[in-house]
Amino acid sequence: MSKIWDIHGGIHPAEHKALSLGGPIRTVPLPPTLILPLSQHIGAPAYPVVGVGDKVLKGQLIAAAKGFVSAPVHAPSSGVISAIEEQTVPHVSGMKAPCIVIQTDGNDSWIEHSANPDYRQKTAAELVALIGDAGITGLGGAGFPSAVKLQPRQPINTLIINATECEPYITADDQLIRERAADILIGIDILAHILGRPERILIGIEDNKPEAQQALASALKNSGNTDNAGAIEVVEFPTKYPSGGEKQLIQILTGEELPSGKLPAELGIVCQNIGTTHAIYRAICHGEALISRLTTVTGQACGKPGNFEVLIGTPVAHLLKEAEFDAQRCPKLIMGGPMMGFALPDTSVPIIKSSNCLLATTAEESPPPPPAQACIRCGHCAEVCPASLLPQQLYWHAQSKNYERLEAHHLADCIECGACSYVCPSSIPLVQYYRAAKGEIRLIAEEKRQSDRARARFEHHQARVEQEEKDKAAKREARKLAAEAAKAKREAEAEIAAANPQAALDASPSAGANDSGELDIVQAALARVAAKKASPEDQRKRFERAIETTAARLQKAQQVLAAMASDDSAEQQIKRDQQRASVEQARLRHQEAKNKLAAIETDQAANGPGDIAAKPATTNTASADPGLDRAAAAIARAQKNAAEQASMSPQQKLQKQRDALEKRLGKAQTRLAQAESEGSEQVEAFNHAVATLSEKLKAADLELASGSQDSGPAKVQTHTTEDSN
Amino acid sequence: MALTRNSSPHAHGPRSTQWVMQQVLIATVPGLIVLTSFFGIGTIINILIASITAIGCEAAVLKLRQRPIGFYLRDYSALVTAVLLGLALPPLAPWWLAVTGTAFAIIIAKHLYGGMGFNPFNPAMIGYVVLLISFPLQMSAWLAPSGLVIDGTVAATPGLRDALQIVFAGNAIDGFTAATPLDAFKHNSGLLVENFYQQTPQFNQGRWAGFGWEWVNIAFLLGGCYLLGRKVFTWHAPVGMLGGLTLMALFNYDGGSSASNGSIIFHLLSGATMFGAFFIVTDPVTSATSNRGRLIYGALIGVILFLIRSWGNYPDALAFGVLLMNFAAPFIDYYTPPRTYGHGKSGTIIHRSKED
Amino acid sequence: MTELSSLELLLTAVLALVALATVFGVILGYAAVTFKVEGNPLVAQIDALLPQTQCGNCGYPGCKPYAQAIVDGEEINKCPPGGQATIDALASLLDVPAPELDAEHGEEAEVKSVAYIREDECIGCTKCIQACPVDAILGAAKLMHTVIADECTGCDLCVEPCPVDCIDMLEIPQTLADWHWQTPLPPAERFARANSDSNIIATDRAA
Ligand code: SF4
Ligand code: SF4
Ligand code: SF4
C-alpha cells in the first residue's frame, strides 16, 4: 500500500451513513414530468435544440453545449416537450432559470444509440468527444464538464479516482462501488486510455467503507481485460472531513499541494469522481448519455431511506415519495450533504446531474442555527481549516467588508468546506460571511473591469469628437479660402469675359500647358457651368441637404444655449458667450446654404424647360415602382417644405427656444399630414415625433418661465453679432 | 411548505462558548482547593463576591446596551473573569477590593470595548492591575500558608466567622500575614541562595519553591492539563510562556550567588506562574491568533515576567506582562500568519499580498 | 556664580535641543527623499474610483472632469451611480469624513440598468449615437440602431434626445451566475432593539 499523507485540520462529524445503506439500489417509477434545467453544470448554459410540442425519445439531445466549458442535456425518457420556461431550479439561490419540461409518454423508448465496447481502438480525441456529447459532468457535486478535464495540456502521470465520499449521510458512491465495481473499473480503464496510460492510478477511499473496498479489490482481481490493472491501486486512508475535496485528496494521496490558482493537470494529475467513471463507462460501452444517476435519499424524515437510480429531471417530490418522506417532520430539505449542500426552497425542483444526495432532516437532526455569539477567537476554526487559513481573521475582515485584507488572508483559497462553522463554539455562520465576501469581491472586480472599459471608451469617444471638431474647423478654413479664391477668380473671369469674349472662346480649344493663366481660368469657369448644367437636380438636392443639416445644427446650438441660460454663474457666462458665437456661426452657414439654393433655383428657373424635362426622366429611370416614386416625391417635398419652413423662421428661432419647438411641432405635423395623405410608411414614426415634440414644447414652456430673465440679454447679444456681420 | 434555507453547513459540532467557559471554570477547581487548604476560606469568599458583582454589572450594562441579558449571561464569560480575578486576589482582602476590581473589569475593560470578543485587554488582569496600583497595601497582604512555622508559631487560617469579619467588617489580619516566597526572595540581601533558603521559613519548609505556593502552582498545572486534554486551547501559549520563563531563568541563574535571580524550578512554581500560563495567557480573545503567534506571545510574556520579577519593583508581574503583550498581539498576528494551503512559505500578510 | 551656571545649563539645553532637531531633521529629510512613494496623480486615483458611467449627473461632462473638479475642491457626494460606496471610497482616499449622497444630483439606483432601443420604432436619426458618451450604440443614418448592452453604462443620456422615444432603460435582472450570499446581519441588528439611537457604545451602532 502506498504512503499516504495527512491534511491540516479536518473534523469528524457524525456519519449517519448506515441510514441509507440498508438495501440494494432502488429504482424509481417513471415520473409524469421531467424538468431539465439548461444549466446543470459549471460553465455556459446549454441552448435548447427542440421546440415545444416536439416528440423526443429517451437519450435524445434536447439542448446542446454552448462553448468549450459547457455540457449538453438529453431527454431522460421519451415524451413530448411541454414547455421551455423558467422554473425553480436546485440552486442555492432558490431562483428560477430556463428549463425544458418533458411530459413522459410512459413508453420509455430509446433513441438509436451505438455502443463502443472496443474503445481501445479509438483515439483519445474520439473518446473525449463521445464523453462530451454524452453530457457527462462531475457527479460528485460541483458538476464540472468531464470532457474538459480530460483534455489536459500537460502530460498526466497520475489519475486519481475520488471515492472518498467524506460528507456525512451520503452513500451513493459507496453503494455504486458495492454493486458495480466491475463497470467502474472499465470506466477507469477508459480514462486511463484517454490520458495515455498514466503511471499511477489511485482510487482514494476512506476507511469507513470496507465493503466497497472489498468489492473494488475483488473486481480488480477478476478483471483480466485491463492491462494496467497493476497500475491501479486502492488507497485507504482515515476518515476525516473534508478529505474528499480535490485539493485535499491530492495532498493525501501524493503529498503535493496544489499551488493556489493552479489546476491539478499542472502537477500531472487528473481527478475524477468514481460516479463519473461509471457514467463514462455507460456512455462509451453502451452509448447512453447521462440521463440518470445514483442519488441517496436519506435523513430522519424519510421512512425508507436508500439509494435510488433516478432519472435526471425527476421532481424531488416524486423521488421523496419513494423514500416515504414525511413532510410534517421535515423543516429543512437539503440537496447534497449537510456540510456543503444547500437547502431547497420547495419540493418541485428536479434532480440534476450533480445531485448526489437528498437529505430530509428533522428539526432534531439539523436544528436551526442558534443565534451567533461574538467570536471569542478561540482558534478552533483555524485548527480545523483544511486550507490552513485563519477563519477568525477572515470573519473579522468580512464583517468590516475589508476586501483588501481578506485577499491578503487568502480568502480565495477557502474551499467553503464548512469545517470552521461546524466547530465554532459561538455558532457564527462563517462560511456565509466568506461566500458573501467572495461574491462581493467578484462583483467589484467585474465592475472595475466594466468601468475601466467605459473609461477607455469614453476617452476614445472624447478624442474622436475632438478630432472631428478639429477636422471640421480645418475644412471650414479651407473652404473659406477656396471661396475667396473662387470669388477672385470669378471676378477676374468676368472681367476677362467682358473685355474680350472672343479671345476667351478662341483660346479655349487650343489651351496648352504653357498658355496664360487667364485662359485656364476661363476654361475652368466653362467647365463649371457645364457641370452645373449637367445635373441641376443633384446640385439642388445637395443644397437642400445642406440647408437641412445646417438648420439642425443651428437648432442644436440654440438648444444648448437655452439650456445654459438657466444657470448664470461666472463661468457659465463665458461659456454662454461662446455658445452664442457658435449659434451665430451655425445661423450664418444656414443662411449661406439657403442663398446658394436660392441662386440655383433662379438658375433653374432661367433654364426652366430643360429642368422640367430632366426631372421626370430621372425619376422614371430611377424606379418603375409607382409607390417608391411617390415616396421619393414625398421626401423631396418634405425636404423642400423643411427648407421653406427654415427659411421663414430664423429670426423667431433666435428669439426663443420655445418658438423653435413650436415650429418643429408644426413642421412635424405637416410632415405627418403629408405622410398620411401619401400613405407613407413613416406615419407611425411621425406620429411619435409629434407626440414627443408637443411634450417637449410643454417642458420648454416651463423652462422658459424660469429662464426668462436670461433670454433677454441673449437676444440682444445675438442681434448685435448679427449686425456686426 | 415553508422550508428553512440557510447557508451550509447544516450540521454543527457539539461545542459552544458556554462549554468552553464551563471547562475553564471546572479547571480552576484543583487550584481553588489547594489555595483554600493553604489560605483558608478567603479565596472562596473573594470568588463569591467577584461573581455576584460581575453578574450584576454584566446585567446592568447589557440592559443599558439593550441586549438580551439572559442570552449573554449564559455564555459564562463574566463568571470566568470574576473567578480568575477572585483567584488572583489575596485571600481575606476587604470586600470592596473584589467589588471594585470586578466592576472595573466588566464595565470598563470589557463592555466599553464592545463586550465579549472585542476587548483588547484581559479584563481580569486589568482589574488586577487597577487594584494593585490603587491599593498596593491591601493587594500585597498575603496570609501565611497554614502549617508554615514562623518563629515557632504555626500559621493557621481564620475560620469562616473570623474570615467574614475580616472581609466585611475590616478587622485586622496582621497576625496571619507573611511574605510570599517571591517577596521574600526579592528581599534577600547578601546571602547565598543556599543559605537564604535555609534561613527562610517559606523555603526551608517547602520542597522546591516555597511552602504552599509550589502546591498551588502544581494544582493549576493540573487544571491546565485538563483543559489541554479537552482541547479547549492548544499548547502553544502556555508552553511558550513557561519556555520563555525557563530560558530566562536558565540564562540568569548563576548557581546561587547572593545576586542570583532564582532557579528555574523556583520561577516555575512560585507566584502566579502556572495560573497565568494556563488561565490568563490562554485567554483567546486577547492573545495572538495563529499557533506560531501564540507561541511567541506566550514566550514574550514569560520573558517580561522574569524581567519584572528580577529587576522590577513588583514581586510578581503576570498582569503587567499579559497586558503589555495584549498590546502587541495584533502586531504579532501581522507577522505570523500560517502558511495557507497552496502558497509558498509564509511571510507577513502584507508582503505576501504584494507578491501575489 | 549660580547665575552663570544656570545660564550654562540653559545654553546646554538649547544646544542639545538644536543638535537633536538638526539630526532628526536631516534623517527625516533624507527619508522623505529616499523613500518617497511615487503615487498616481490624484486625479487619476479619483477617476479610478468613480464608476465611469459618464452620465454627467454630477454636473460635469463625464467622470474625469468631475475627478478634476474634486481635486479642485468640489464636494465628493455628487455621483449618484457610484452611490455611497463610491463616496466612502473617495472619503477614505482623500481622508475626509464621508458625506451622504447629495440628493440634488439624483438617487442611487438599486439595480443597474442598460438602454434598450425598441428596434422596430427606431427611425435611424443617429441622435442617440451622438449622445452616447461611450459609443455603445451601433447604427447609421436611416438604419435601425441598437445598443451594445455590454458596453452601455446605463447613463440615461440617450433617452432624452430620441425624437420618437423608443429607448427604454431596462433593469438588469439578477441571474444564477451573479447571485451570491449576503453578509449576515451584524449582531446589533439581529437583536431588534427598541431604540437604536440610544447605543452607549460606538460598536453597537449598526455598521
Ligand atoms: S471558532 Fe468561532 S469563536 Fe472560535 S475563533 Fe473561530 S470564529 Fe471565533
Ligand atoms: S470553510 Fe474555508 S475557512 Fe472554513 S474551514 Fe473550510 S476552507 Fe477553512
Ligand atoms: S446607450 Fe444610452 S444609456 Fe447606454 S451608455 Fe450610451 S447613452 Fe448611456
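The values are calculated or read from the model by the stated rules, or taken from the named source; none is laboratory data. Fair warning: this is a prediction, and the values are worked out from it, not measured in the lab. Cβ placement follows ideal geometry from the backbone for every residue including glycine, while neighbour counts extend to all protein chains displayed. SASA here: full protein model, heavy atoms, side chains in, ligands and nucleic acids out. Shrake-Rupley method; radii C 1.70, N 1.55, O 1.52, S 1.80 Å.
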- Note on the structure: For segment A:452-475 the residues that are at least 20 Å² less accessible with all protein chains than alone, 1.4 Å probe, are A:Arg453, A:Ala454, A:Arg455, A:Arg457, A:Phe458, A:Glu459, A:His461, A:Arg464
- Query: Which whole DSSP H helices in chain C pass both tests: a Cα extent of 20 Å or more along the axis and a mean Kyte-Doolittle value no lower than 1.0?
  - Reply: C:2-34
- Carbon and sulfur together cover what percent of the accessible area of chain C at a 1.4 Å probe radius? 61
- Item | Accessible area expressed per residue, chain B, with surrounding protein chains retained (probe 1.4 Å, Å²) | 41
- Message: With a 1.4 Å probe and all protein chains kept in place, how do B:Met248, B:Met274 rank by accessible area, largest first?
- Response: B:Met248, B:Met274
- Query: Ordering C:Asp120, C:Asp165, B:Asp283 by how much accessible area each has at a 1.4 Å probe, largest first, what is the list?
  - Reply: C:Asp120, C:Asp165, B:Asp283
- Give, ordered by residue number, each residue of segment B:10-41 whose 1.4 Å probe accessible area is reduced by a minimum of 30 Å² on adding the remaining protein chains to the chain alone. B:His10, B:Ala11, B:His12, B:Gly13, B:Arg15, B:Thr17, B:Val20
- Note on the structure: In square angstrom to the nearest 100, the accessible surface buried at the B/A interface, both sides summed with a 1.4 Å probe, amounts to 4500
- Task: With a 1.4 Å probe and every protein chain left in place, tell me how much accessible area B:Lys63 has, in Å² to the nearest 10.
- Result: 140
- Summed over the other residues with a beta carbon less than 12 angstrom from that of B:Val20, with K and R at +1 and D and E at -1, the charge totals +2
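On a 22 Å Cα-Cα criterion, which of the cross-link pairs A:Lys17/A:Lys221; A:Lys304/A:Lys332; A:Lys332/A:Lys438; A:Lys240/A:Lys353; A:Lys149/A:Lys353 come out too long?
In this structure, A:Lys17/A:Lys221; A:Lys332/A:Lys438; A:Lys240/A:Lys353 exceed 22 Å between Cα atoms.
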- Chains C and A: what accessible area do they bury, summed, in square angstrom to the nearest 100, with a 1.4 Å probe? 3200
- Message: With every protein chain left in place and a probe of 1.4 Å, what is the accessible surface of B:Tyr253, to the nearest 10 Å²?
- Response: 90
- Using a 1.4 angstrom probe, figure out how much accessible area segment A:18-361 has per residue, in square angstrom, rounded to the nearest whole. 35
- Task: Please determine, in degrees from 0 to 90 and to the nearest 10, the orientation of helix B:17-27 with respect to the longest principal axis defined by the Cα atoms of chain B, where the helix direction is its Cα long axis.
- Result: 20
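Once neighbouring chains are kept in place and the probe is 1.4 Å, which whole percent of the accessible area of chain B is contributed by carbon and sulfur?
So the carbon and sulfur contribution to the accessible surface is 66 percent.
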- Residues of segment C:39-108: accessible area per residue at 1.4 Å, in Å²? 48
- Item | Those chymotrypsin sites (Phe, Trp or Tyr not before Pro) in segment C:1-107 that DSSP places in a loop and that have at most 13 other beta carbons within 10 Å | C:Phe35
- What residues does segment A:404-439 have that are buried by at least 40 Å² of accessible area in the full protein assembly compared to the chain on its own, 1.4 angstrom probe? A:Arg405, A:Ala408, A:His410, A:Tyr422, A:Pro425, A:Gln432, A:Tyr433, A:Arg435, A:Ala436
- Task: Taking all protein chains together and a probe of 1.4 Å, list C:Tyr116, B:Tyr128 from the most accessible to the least accessible.
- Result: C:Tyr116, B:Tyr128
- Query: Which net charge results when you count Lys and Arg as +1 and Asp and Glu as -1 among the other residues whose beta-carbon is under 10 Å from that of A:Ile232?
  - Reply: -1
- For B:Arg74 and C:Leu28, what does the FRET efficiency come to when R0 = 60 Å and r is the distance between their Cβ atoms, rounded to the nearest 0.05? 0.65
- A student applying the Cα gyration tensor rule (rounded when a/c is under 1.5; otherwise prolate if a/b is larger than b/c, oblate if not) would label segment C:39-108 oblate
